[in-house]
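Please treat every number below as a calculation from the coordinates, not as lab data. This structure is a prediction, so every number in the text was calculated from the model and none was measured. Cβ atoms come from the backbone with ideal geometry, glycine included; neighbour counts cover every protein chain shown.
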């Protein structure tokens, strides 16, 4: 890749690292979105980011054109055993509180991948949030694929 094009793409990706959606005021900030790389034939990976809502919201759905399904998950200790489970009712995003989606905690499970996730690539994700009065908004983020060993 030519250095000028690589520099342009790097600047563009940095600008996309924090993306917001707005109605009359900004309601959700997404910071540092990333996805863990996969090995050949692996069909599942995790996506991580920090979400900060300007109003009480709930993350109710996530999708990607490069995956068959994306679920909102939580890992937690239960009876001295680490358990992972889907959150079918979504994830509460209290006003002004940064909610970190990270390995070992809340995260997004990206399943039925249509191609391997290679380090340095990007995965588009569409987040759907809902207000208390059930109005929905979406934000599209581009998450960088990072090394398998990233924590």
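A few points about this structure:
- Of every Cα-Cα pair in the range 78-125, the percent that sits beyond 15 Å: 65 percent
- Distance in nm between pseudo-label sites at residue 75 and residue 98 (7 Å out along the Cβ direction from Cα): 2.1 nm
- nm² value of the averaged projected area, convex hull over the Cα atoms of the range 71-151: 7.1 nm²
- Distance (nanometres) between label positions extended 7 Å along Cα→Cβ at residue 134 and residue 115: 3.9 nm
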